[in-house]
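Okay, so here's the structure we're looking at.
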Amino acid sequence: MGVLVGKQAPEFQATAVMADGSMNAGFSLADYKGKYIVLFFYPLDFTFVCPTELIAFSRRIKEFAERGVQIIGCSIDSQFSHTAWRNTPIDQGGIGPVAYPLVADVKHEICQAYDVEFEPAGVAFRGSFLIDQGGTVRHQVVNDLPLGRNIDEMLRMIDALQFTEKHGEVCPAGWTQGDKGMTPSGEGVAAYLASEADKL
């Protein structure tokens, strides 16, 4: 399958540990229909790079919420492992009560549907998917196991997507909220480069 950008995000149903610690045996993307979603995969609970990413997502949950975005984490661990990791203090290698659901992909069906399974290790790569309000994947990035992702970059991509949806302009290299957009035409790029090229 490879690149999912421009395609409908694969639907799934699985057990998830919710932000309040409860278990939802029928969790699905459809629960968040009409919302933006960031679905991210990580290799394993109780590992090394992973807690830094999960904590970083949780600490920015207000910034995602302000943009109307639901965060969802997913790994091949069971819901019981997720719960134990949430119940482990951060200073002991745990993640604490992260503020978003963690999906239990114990059959590997979800990571296979999103084509992020690393078969030799039986885990998922660090795949991140930005899904728009219509269920279409608009951005994806997949990191190898040792490479932690940049959560602020995902916020930037959300800002860019929402900017282009609102204004119909496109976002040039390095665009951040508050920067100029570009009209998607020959005249638009010429006008943009005339004033902004030195900043690239």
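The values are calculated or read from the model by the stated rules, or taken from the named source; none is laboratory data. These numbers come from a predicted model, not from an experiment. Please note: Cβ atoms are built from the backbone with ideal geometry, for glycine as well, and neighbour counts cover all protein chains shown.
Quick look at the values:
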quantity: Residue within the stretch 60-71 that is touching a residue at least 24 places away in the same chain (Cβ under 8 Å), in contact with a Phe, Trp or Tyr (Cβ under 9 Å, 6 or more places away or on another chain) and part of a helix (DSSP H, G or I) present; calculated: yes
quantity: Top-ranked residue of the stretch 79-112 - restricted to ones that are under 20 Å from the mean Cα position of the chain (by Cα) and among the polar types (S, T, N, Q), ranked as farthest from Asn24 (Cα to Cα); calculated: Gln112
quantity: Which listed residue, of Val69, Val38, Val17, is over 15 Å from the mean Cα position of the chain (by Cα) and among the β-branched types (Val, Ile, Thr); calculated: Val17
quantity: Residue within the stretch 100-112 that is outside any loop (DSSP other than H, G, I, E, B) and either in contact with a Leu (Cβ under 7 Å, 6 or more places away or on another chain) or surrounded by fewer than 17 Cβ atoms within 10 Å (Cβ to Cβ) (or both) present; calculated: yes
quantity: Tally, over the stretch 161-175, of residues that are outside any loop (DSSP other than H, G, I, E, B) and either among the aliphatic types (A, V, I, L, M) or over 19 Å from Ile61 (Cβ atoms) (or both); calculated: 7
quantity: Residue that is nearest to Pro51 (Cα to Cα) [pool: residues in the stretch 132-160 that are in a helix (DSSP H, G or I), without any contact (Cβ under 8 Å) to a residue 40 or more places away in the chain and aliphatic (A, V, I, L, M)]; calculated: Met157
quantity: Qualifying residue in the stretch 25-47 (condition: of a type in the set (A, V, I, L, M, F, W, C), touching a strand residue (DSSP E or B) at 6+ places or on another chain (Cβ under 8 Å), at pLDDT 95 or above and loosely packed, with under 15 Cβ neighbours inside 10 Å); calculated: yes
quantity: Candidates Ala56, Ala30, filtered to the one that is in contact with a helix residue (DSSP H, G or I) (Cβ under 6 Å, 6 or more places away or on another chain) and in a helix (DSSP H, G or I); calculated: Ala56
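Residues are listed down the side, and each one gets a yes or a no for (1) among the hydrophobic types (A, V, I, L, M, F, W, C); (2) out of contact with any Ser or Thr (no Cβ under 8 Å at 6 or more places or on another chain):
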{"residue": "Val3", "(1), (2)": "yes, yes"}
{"residue": "Lys7", "(1), (2)": "no, no"}
{"residue": "Asp20", "(1), (2)": "no, yes"}
{"residue": "Ala25", "(1), (2)": "yes, no"}
{"residue": "Ala30", "(1), (2)": "yes, yes"}
{"residue": "Gly34", "(1), (2)": "no, yes"}
{"residue": "Phe48", "(1), (2)": "yes, yes"}
{"residue": "Ser58", "(1), (2)": "no, yes"}
{"residue": "Ala65", "(1), (2)": "yes, yes"}
